[in-house]
Amino acid sequence: MRIVCPSGLIVEARKMQGAEFETLAAETERKASGNGIAIFLRACWTATEDPGPYPFTGSPDWKRLLQGDVLAALVAHRVAVLGAPYDFATPCEACGTRNDVECMLDELQLKPLPKDSVDRMRAGRPFETTLLDGRKVVFDLGTIVHEELLEKQLKQMKRRPEWEGHKPTFIDALAIRIRSIDDVMNRDGTENVSSQFTKRLEFLRGCDLDFIYDLQEKMTAVDCGIDTAIAFDCISCGWTQKRDFPLGRDFFNPRKKKTPKTTSGETTNEETPSSET
Ligand SMILES: [Zn+2]
């Protein structure tokens, strides 16, 4: 199959086999799904038609590919073995009722990598932006390598009393991708310490939230991706909302047989016991 990624990378791949499913399950079990995904995508790769913004010519290093590209490859593999329709259960954000949401994986919108970002990556130059107060921030676009680095950092922080009870959020995910921030100095102001992850995290935690959201927006604007937000109306209260489809362990499992719904707008869910509670 031919996989077109949002960065411009185009690869040929064979279908996933039983062994790769096993790897993915085992690596997810030990909380290393990024590693499992990289192993599986490498095993299925057969040729590179266009390297896009990457410097390699042969087999891609999937851990260093942009997250949007990895996601595109996962979705393509899912469609190849199980088809495009995908459904998942999710609670309504307004009333909590369980909704079965359906989407077509081959209709997801790709957000292409901006031309300037392509040039920057080809030249091996890091990305730059500014905080709302004008400080310069140097950063990279997210990859599996960043996810693994973050895991490692969080593990080390658990052993330090000052980080006890720390719950990682998107702020940690931003901090891990940042290389440096202007004027993040040590106590006596003699040295910029923003090369240390925990110093960057401390700095961001001390920023007003609008600063952080602004930075997140700027870092996302130069990246590529896939729009995974699926819109649906709640079956109970009618509230229209969007939800990102889950990429968990069930993504490569066959769909469960569903109870047919009546056409009058009423569902037959109540009469049939659910097997997935
Ligand atoms: Zn609802």
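Some observations on this one:
- Qualifying residue in region 201-209 (condition: closer than 21 Å to LEU66 by Cα and in a helix (DSSP H, G or I)): no
- Selection status of SER180, of a type in the set (Ser, Thr, Tyr), at pLDDT below 95 and over 21 Å from the mean Cα position of the chain (by Cα): no
- Which listed residue is more than 16 Å from the ligand (Cβ to nearest atom), exposed (fewer than 14 other Cβ atoms within 10 Å of the Cβ), assigned to a helix (DSSP H, G or I) and of a type outside the set (Phe, Trp, Tyr), from ALA38, ALA73, ALA26: ALA26
- Some residue of region 169-182 being out of contact with any Asp or Glu (no Cβ under 7 Å at 6 or more places or on another chain), surrounded by 14 or more Cβ atoms within 10 Å (Cβ to Cβ), in contact (Cβ under 8 Å) with a residue 40 or more places away in the chain and part of a loop (DSSP other than H, G, I, E, B): yes
- For THR190, the criteria (1) free of Cβ contacts under 8 Å to residues at least 12 places away in the same chain; (2) closer than 15 Å to THR129 by Cβ hold in every case but one, which is (2).
- You will find that of ARG98, ARG64, ARG78, ARG42, the residue that is farther than 16 Å from GLY248 by Cα, among the charged types (D, E, K, R) and in contact (Cβ under 8 Å) with a residue 24 or more places away in the chain is ARG64 and no other.
- Scanning region 90-126 for residues that are among the polar types (S, T, N, Q) and either within 16 Å of the ligand (Cβ to nearest atom) or in a loop (DSSP other than H, G, I, E, B) (or both) yields THR90, THR97, ASN99, GLN109.
- Single match in LEU209, LEU204, LEU174, LEU215 (criterion: more than 30 Å from VAL118 (Cβ to Cβ) and at pLDDT 95 or above): LEU209
The values are calculated or read from the model by the stated rules, or taken from the named source; none is laboratory data. This is a predicted model, so every value here is computed, not measured. Methodologically, a virtual Cβ is constructed for each residue, glycine included, from the backbone with ideal geometry; neighbour enumeration extends over all protein chains shown.
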